[in-house]
1. Averaging sequence separations of C-alpha pairs under 8 Å and six or more residues apart, then dividing by the length of the chain, give the relative contact order as a whole percent.
2. For the pairs Lys7/Lys167; Lys7/Lys196; Lys85/Lys111; Lys40/Lys196; Lys167/Lys196, note any where the Cα-Cα span goes beyond 19 Å.
3. What's the magnitude of the charge dipole for region 82-198 around its Cα centre, counting Lys and Arg as +1 and Asp and Glu as -1 at the beta-carbon? Answer in Debye, nearest 20.
4. Please name whichever of Val79, Met95, Ala137 sits farthest to the positive end of the charge dipole of region 74-181, dipole taken about the Cα centre and charges placed at Cβ: Lys and Arg +1, Asp and Glu -1.
5. Whats the longest run of the chain with zero GluC sites (Glu not before Pro) that are DSSP loop and have at most 12 other Cβ atoms within 10 Å?
6. Roll a 1.4 Å probe over the protein chains and send me the accessible area per residue for the chain in Å².
7. Could you grab the relative contact order for region 62-173? Cα pairs under 8 Å, six or more apart, rounded to a whole percent.
8. Mind listing the Cα extents of region 135-182 along all three principal axes, in Å, largest one first?
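The values are calculated or read from the model by the stated rules, or taken from the named source; none is laboratory data. Predicted model, so just to flag it, every value in this text is computed and none were measured. When we count neighbours, we look across all protein chains shown, and the Cβ atoms used for this are built from the backbone with ideal geometry, even at glycine. Accessible surface is based on the protein model in full, side chains and every heavy atom, while ligands, DNA and RNA are left aside. Shrake-Rupley method; radii C 1.70, N 1.55, O 1.52, S 1.80 Å.
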Amino acid sequence: MSVTDSKNVLIINAHQYYPFSEGKLNATLIDKAITILESKGYNTRVVTMNDEYDVEDQLEHHQWADIVFLQSPSNWMGVPWSFKKYMDEVYTAGMGGALCVGDGRTEEAPKKNYGMGGTLTNTKYMMSLTFNAPEEAFNDEDEFFDGKSIDDLMFPMHMNFKFFGMKPMETFACFDVMKNADVENDFKRFEAHINKHF
């Protein structure tokens, strides 16, 4: 990839620190992603939920990015509260045109085109997730998630990104990370996933 073809990747570390979950795996996956992406000529920026942030700066990061890469644990069937707070602050501020033009509806057609006002229509996103749940808990009607996939579980996040006009890339996941972690294999799969899509 030449410099003129270079792409911009905004990496969001959505991990919320707990004594039993310090975020080492999520941080290591981000480090690996940065190493691979920058070796391929991508420009990267990282925002971490534990750091202070400026809303206008975060909107500029999203406008700058060709790809938004969300690295997040699944906490209580969704993203951590600190990232939800980030979305409430940053994404709401972006509804004036930075990320979307309102909710997409007009006075002339108030019942049509909800969610179709996104202004990031040339931007893609990828989610990389870590789960305490084993992989076997998904895609099996006899298990907890009733046959649903990880993308079914993260449907609200997919809709949040779609609200801005963004297009999905294939989701990556590490499973059973608290009780039966297979970190070495997870790293190999992660590197293969990044190399496949970038």
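1. 21
2. Lys85/Lys111
3. Dipole about the Cα centre, nearest 20: 780 debye.
4. Met95
5. In the chain, the maximal stretch lacking such sites is 53-106.
6. Heavy-atom SASA per residue in the chain reads 55 Å².
7. 31
8. That works out to 36, 24, 14 Å along the principal axes.
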